[in-house]
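Since the structure comes first, as C-alpha cells, the remarks are kept for the end.
The values are calculated or read from the model by the stated rules, or taken from the named source; none is laboratory data. None of these values were measured; they are calculated from a predicted model. Ideal geometry is used to build each Cβ from the backbone, glycine not excepted, and the neighbour counts take in all protein chains shown. In case anyone asks, the SASA skips ligands and DNA or RNA and just uses the protein heavy atoms, side chains included. Shrake-Rupley method; radii C 1.70, N 1.55, O 1.52, S 1.80 Å.
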Amino acid sequence: MPRPYDPKAIEAKWTKRWLKEKTYEPNFLRAKRPFYNLMMFPYPSAEGLHIGSVRTFSGVDIYGRFKRMQGHDVFEPMGLDGFGIHSENYALKVGKHPADLAKVTAKNFYRQLSEIGNGFAWDERLETYDPKYYRWTQWIFVQMFKRGLAYRRKQAVNWCPSCKTVLADEQVISGECERCGTAVVKKDLEQWFFRITEYADRLLKNIDALNWSEKIKIAQKNWIGKSEGVEIKFSLEKIPGQKDGAHSVTVFTTRPDTLFGATFLVISPELADQWMHVGWRAPEKVRRYVAAALKRRIGEPAAGDRAKTGVDAGFVAVNPATGARIPVWVSDYVLAGYGTGAIMAVPAHDQRDYEFAKQFGLEIVSVIDPVTGTPQENPREKKKIVAFVEDGDAVLTVQWGPELGGRLLIGGTVEDGEDPAATARREIAEETGYTDVELIERAPETVHHRYFAPSKGIAFHAAVTVLRFRLNNKKRNAQKLEENERGKFVVEWVPKSQALREVTDPLHRYALAKYGEGMVYDGPGVLARSGKFTGMPSEEAKWAVAEAVGGTRVARYRLRDWLLSRQRYWGPPIPMIYCDACARANKGERADMPGWYAVPERELPVKLPQVKEFRPTGIGVSPLASVRSFYEARCPACNAKARRETDVSDTFLDSAWYFLRYPSVREAKRPWHSAITKKWLPVASYIGGAEHAVLHLLYARFLTMVFHDWGMVDFEEPFATFRAHGLITKDGAKMSKSKGNIVNPDEYFRQYGADTMRTYLAFLAPLEQGGDFRDEGIRGITRFLERVWKFYDGAQFSARSDNAVARAAHRAADKVGRDIEALQYNTAISALMVLLNEFERRPDAVGRREAMRFLQLLAPFAPFIAEELWDRLSGKGSIHCSRWPEVDPRFLKDETVQIAVQINGKVRDHIALAPDTGAVDARKAALALPKVREMLGANEPKKFVYVPGRIINIVI
RNA sequence: GCCGAGGUGGCGGAACUGGCAUACGCGCAGGACUUAGAAUCCUGUCCCGCAAGGGUUGUGGGUUCGACUCCCACCCUCGGCACCA
C-alpha cells in the first residue's frame, strides 16, 4: 500500500531515536579511529541562523557522515560563541540585557541547529559566556601574563567611535570597524596586548606545510609580512645644544644597495614626539606638525593617495657611505609601528621618497642602473639599433646574433595585446622571405636594458622579453638573405606598459615630459655613483654595502601585537589586579610591570557581574569601571586595597581555543584532558569562512603554538586541514538586510524538510565555491527525493542485480566517494540522480544489494529518508553506522567503449571498441567506416592518432 | 597600485592527466493524463540553418593530430591588502 513521502514524520522519528541511542556520541577514550570534524561555531544573533551557515554546517555534516561510514569515530561538536560585541550590540539595539538575551538566542539557535539533520555530539556543547568556559579563557590570560606574553602598554591604538572600544589591527578592515563598519580613529591608550609578534616567524614558517585552502595561506603570509633587510645607523649633527655625533638614528631598509642615493632621512611623528620627550628642543613648526600628525585620524584621507606632508627637523644626518650631510625630515608617511620608525630616503628608487623629494625640492641621485651587463661584456649591445615608433604601443627590435655578422634586419611595432612571438615571427618572415620561422626559445625572465633612441635622442630603460628564432625552410620569396646567414635571430620585445622606468639625468626632462611625472625605477640593476661598489649587481651589493657601513641584517614583520582589551561589558573580565601601593614601591608580579598581579588561579573565574548599566561609556573605560563591588579588590601580594582591571578581553580570545575544550567539556580541574586531547587533536577537518583568515585562524594558531611551548599540547598546529567555504547569494544578489532578500532557513526547513534542504544546498555548487539560492531550484530536489521514496515504497527487490545495474551502482559509489572527499557534493548528487534514472528505467533489474547501496550513498546528504528506507529494507543498525560500500574495480571497466572518430580534429563518427584494442585493429576499424572512406577517398591518412578508450583522430 | 580567485547555454553548474564542450538540475516549449489546475509522466531545448553543414567556453594570438584545460598579451567581475621602506 503506497504511502506518501512525509518528511516531517520521519524526521521527528529519527531525530528522537538517534538522540536516545546516542548515535553521534563518540567514546572519547576508547575510540579507535578518532576523526574530529569541526565547523566554526556561530555567534548567535537574534535573527537566527543564516542560510549560508546552514549550508556550511550541513556541508560539514555530509563530510562527517561519510567519514563515519568509512569507519571513523566522528566527533562533530557544536556550541555558541556568544560573548562579544556582536551579541552585545544587538542587546543594546533591542534594549535588553545581553545575559537575558543570550538565553533566548541560545534556545533559538539550538532549536535551529537541531533541525538541520546534523549528527552533532550534543553532550559536548559549550558557550563562551558560560563561567565554566571563560574561567579557562581567563586562566589562559593569566598564564600569558605569567610567562611574559601578555603586557600592557600605552600607544596609539584603533578606536571605534561607534562600538566605543579599541580594536586589534586584524579587526580593522580597510580603515573600518570589522563589526559595525564605522571609520576607525587613532587614540592614545594604555592597553593589554599579546605578544604574537614573538611568534611571527614560526607562524610564517609553518604555513607551507599546512593542508589549507591556498588563499588563506597566502592571506596569512601577507598579513605577517616578513621583509628581510638591514638596520643602518646614521649619526646626527647640528642638533641645537647637542654635540655632533652624540646622537644617532637607526633606519631599517630592504635596499641597502641604494645607500649612496640616500639624500635625506625621514622620521615618523611618533619618533619625533619621543625625542622631544627626552630633551630635543624642536623648532616650533616641528612641534606643530607633530602634534597635528599625531591627532590625525587614520582611514579618513585615503592613505596612499594623500599628498605628502612633512617638516624639516632642522638638523642633519651623516650618510655613512658617502659622508654627506643630509637633511632630516619629519613626516607621517613614515609609520611608527614598522621598522624603527625612521627611514633613509632614496628618492631615485622609491616611489614614496620620490614624491616627498619632489614636494620639498630635495636632491635626487640615481644609483641603480637597470642594465644587465655592460656593453663591453655584451658585444651585441653595440650592434643593436632600436626602432622607436612614436604612435605604436611598443617597440620591436630584431637583431642578428653577433656570430652572424650583426646586421640589423627589422624593426617594428607591437601593439599591446598582440603576441610578441607571433608578431616577430611574421615580421621576420616578411623581411627574410623564410616561410618557416620557428620559435626555439623564450627567455623565462624579463631582462632590463637601457636603450638609446637616436631619432629622439633619449635613453630609456625597458623590460624586455627575449625570443630566439630559427629559420628552417627554404626561402621562397625574393632572397634577402645570403645562404650563409641562416641561423638564429634574437628578438627583443618591449611592451610600452613596461618600457620606461626611469631616465638618466641628461634626458630627465624630456622623458618625464613624454612619459609622465613620477616614475621611479625600483627594480634590480647595477650600482652607479656608488664609489667602489659601482658596477656591482644590486643583489650582491645589498650585503656588501651593508657590511661596509656596519649594518645588521634583520627581518621585520608587518604583524603587530594582538590588542586584547575591550572597553565593553559582554566579555570575560581580564583577570588582573592593580595595586597602587606596590606600584609606588616598584613591586609587582613581573619586574617590568610594577603594581600588576594576576588574579590567583583558585579565584577564577572572575565572574562578569550582572549589572543594569552595561552600555559602553565612550571615555576609554569599560562600564565595569563604575561598578564598585566589581573593581574593589585586595592586592594578592600585600593585601592593600587594590583595583581590578575592568576591561574585558577580545571575543577572539574566546574562540581561539574552543576546539581544545569541546572534547573535554566535562573537565572541571583543567582546561582540557591531556589523554583525550592527545587522541583527538589536532582537528582532522575544519571548514569555515575565509573572512577569518587573519582573525580567528591566526589567533588559534598562535595560542596553540604557545600551548605547545608550554608542554600543554603535543602539536603546534591546531587544524590539520582547513577549507574555506564559498558565499551564497539569493537570485544572483548578495544577501543583505537592506535588500530584504535574506533567506530564513526556518520557513524552508518547515516547508521542505531537512533532507530536501540539505541536498539542495549541497547541490548548488562545490562547497568551496559560492552558489546561488533560488526557490525554483528546490523543486528539482523535491522531485528527486519523492522519486526515491516512490521507487522504494513497497518495492520487492530481487536477490541479484542485472550486470549493467551493478556496474552503474559501483560506478556511482566510486564517484560519490571521491566527490565527497573533494567537497564536490553537487556532482556527487548528480551521480545519484543518474543512478536513480537507471534504476527507474529497469526496476526489475535492481537487486536488493544495489538498492541498499544507493541508500548508503544518499545517506550523508539526506540522512532521514535514507535511514527510514534502510530500516524498511531491514538493514542492520543505523545506515549511518553501516560501512561505506566497497567499489569493485572490475565493475568500473567497460567491455566496449563508444569512442569518437575525428577527421582533422572534428568528430565525424563513433565506433565501439574494447578499451584494450590495439592500434592496428583500431586503425583498420576506423578506416573501414563509410564516412571516413568517403572523406579519405583513395588517399592514405597523413597521420593516425589513437588514444585507447578515448579517441581516434585521422589527419588527411 | 599589489596579491589572490574567477569569466562555459536563459539560470546554478559539469568536463579525469590535453581527447566527443554544455553532465545533473532549474527554467522554457510541445504532448499525455485530468472537467480543470497543481502534481506526475513523455519529448525537445548552446547559436545560425528547412537540411546538408557551419560556428561556439571573456578577447586576440601561440603550441599541438587535437585546447574550457598548456603558453603569451589584453579586457572584465569578485575578494583581500594598501605609504610596511
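With Cβ to Cβ distances under 10 Å as the rule, what net charge do the other residues near residue A:671 carry (K, R +1; D, E -1)? The answer is +3. When A:865, A:742 are compared by accessible area of protein heavy atoms, the largest-first order is A:742, A:865, using a 1.4 Å probe. If you wrap the tightest convex hull around every Cα atom of the range A:81-168 and split its volume per residue, you get 149 Å³. Gap in Å between the Cα centre of the range A:52-98 and the Cα centre of the range A:819-865? Between the Cα centres of the range A:819-865 and the range A:52-98 lies a distance of 28 Å. With the Cα gyration tensor of the range A:1-102 giving a ≥ b ≥ c as the square roots of its eigenvalues, does the rule (a/c under 1.5 for rounded; else a/b larger than b/c for prolate; else oblate) give rounded, prolate or oblate? Taking the square roots of the gyration eigenvalues as a ≥ b ≥ c, the range A:1-102 is oblate. Reported to the nearest whole Å, the Cα centre-to-centre distance from the range A:179-235 to the range A:252-281 is 23.
Length gained on full extension, residue A:246 to residue A:607, computed as 0.36 nm times the residue gap minus the Cα-Cα distance: 124.6 nm. The shape of the range A:791-936 comes out prolate: with a ≥ b ≥ c from the C-alpha gyration tensor, a/c is at least 1.5 and a/b beats b/c. Each Lys or Arg adds one and each Asp or Glu subtracts one; over the other residues with Cβ under 12 Å from the Cβ of residue A:83, this totals -4.
Expressed as a fraction of 2.2 N^0.38 Å, the rule-of-thumb size for a compact globular protein of N residues, what is the C-alpha radius of gyration of the range A:607-746?
1.45
Ordered from largest to smallest accessible area (heavy atoms of protein chains, 1.4 Å probe), the residues A:916, A:580 come out as A:916, A:580.
Only protein heavy atoms count here; on that basis, with a 1.4 Å probe, residue A:24 has an accessible area of about 20 Å².
Under 1.5 on a/c is rounded, so check that first for the range A:170-254, then, if it is not, pick prolate when a/b is larger than b/c and oblate when it is not; a ≥ b ≥ c are the square roots of the alpha carbon gyration tensor eigenvalues. Verdict is oblate for the range A:170-254.
Largest accessible area first, the listed residues A:534, A:782, A:677 line up as A:534, A:782, A:677 when surface is computed with a 1.4 Å probe on the assembled protein chains. Rolling a 1.4 Å probe across all protein chains gives residue A:329 an accessible area of roughly 30 Å².
Taking other residues whose beta carbon is less than 13 angstrom from the beta carbon of residue A:356, and scoring Lys, Arg as +1 and Asp, Glu as -1, yields -2. Cα centroids of the range A:793-817 and the range A:907-942: 35 Å apart. For residue A:691, the solvent-accessible surface with a 1.4 Å probe is about 120 Å², rounded to the nearest 10.
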